[in-house]
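First up is the structure itself, then whatever we jot down about it.
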Amino acid sequence: QVQLVESGGGSVQPGGSLRLSCAASGLTLDYYAIGWFRQVPGKEREGVSCISRRGENTNYADSVKGRFTISRDNAKNTVFLEMSSLKAEDTAVYYCAAIRVFRLCVSLSTEGYNGRYDMDYWGKGTQVTVSS
């Protein structure tokens, strides 16, 4: 059974930092590109970042570029999202998801869900709240 489990969310003040983790089981993580997405109630999901199977390629939304860093440790079957200089606009539920093809992760992240294909596996999400 494939599972992706996010952790590391919480409440922080603007300018603070959080490190999110996505732990995978039931699959060999190095076979998959991983994306981070976020969503707030009443709004469409937003792509945050993608990382390729070996970590050689990454992609970031313009809204987080320079503040967030995605990385992976395939030996530990875990992907990370380091978040710094957090803003109130970063408040959302953050989800990690897996897909075999990095370019499809990037397309879904940058263009939104197209109704034709989606990420193969999703976690249940972790809440990030940025407020004073």
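The values are calculated or read from the model by the stated rules, or taken from the named source; none is laboratory data. Just so it is clear, the model here is predicted, and its values are computed rather than measured. Counting neighbours? That spans all protein chains shown, and the Cβs are built from the backbone with ideal geometry, glycine included. Heads up: the accessible areas ignore ligands, DNA and RNA and are worked out on the full protein's heavy atoms, side chains in. Shrake-Rupley method; radii C 1.70, N 1.55, O 1.52, S 1.80 Å.
Quick notes on this structure:
- Proximal lysines relative to Lys87, as straight alpha-carbon distance under 26 Å, when same-chain residues fewer than 8 apart are discounted: Lys43, Lys65, Lys124
- Segment 1-89, accessible area per residue, ligands and nucleic acids excluded (1.4 Å, Å²): 52 Å²
- Taking the protein heavy atoms of segment 1-54 in the context of the full set of protein chains, the accessible area attributed to carbon and sulfur is 43 percent at 1.4 Å.
- Helix axis angle, 102-111 relative to the chain longest principal axis, alpha carbon, degrees: 40 degrees
- Packing rank of 11-22, 26-37, where each peptide gets the mean count of other beta carbons within 10 Å, highest leading: 26-37, 11-22
- FRET efficiency for Glu56 and Gln1, using Cβ-Cβ distance with R0 set to 35 Å, rounded to 0.05: 0.75
- For chymotrypsin sites (Phe, Trp or Tyr not before Pro), the sites in segment 80-132 that DSSP calls loop and that have at most 12 other Cβ atoms within 10 Å are Tyr117.
- Carbon/sulfur fraction of accessible area - segment 79-126, other protein chains in place, 1.4 Å, %: 48 percent
- Working value for segment 70-132: equivalent-ellipsoid semi-axes of 23, 17, 11 Å, each the square root of 5 times a Cα gyration tensor eigenvalue, largest first.
- Qualifying GluC sites (Glu not before Pro) in segment 10-109, where qualification requires a DSSP coil assignment and no more than 10 other C-beta atoms within 10 Å, comprise Glu44, Glu56.
- Normalised by residue count, the chain yields a Cα convex hull volume of 97 Å³ per residue.
- Cleavage-rule hits (trypsin sites (Lys or Arg not before Pro)) in segment 71-132: DSSP loop, at most 15 neighbouring Cβ within 10 angstrom: Lys87, Arg100, Arg116, Lys124
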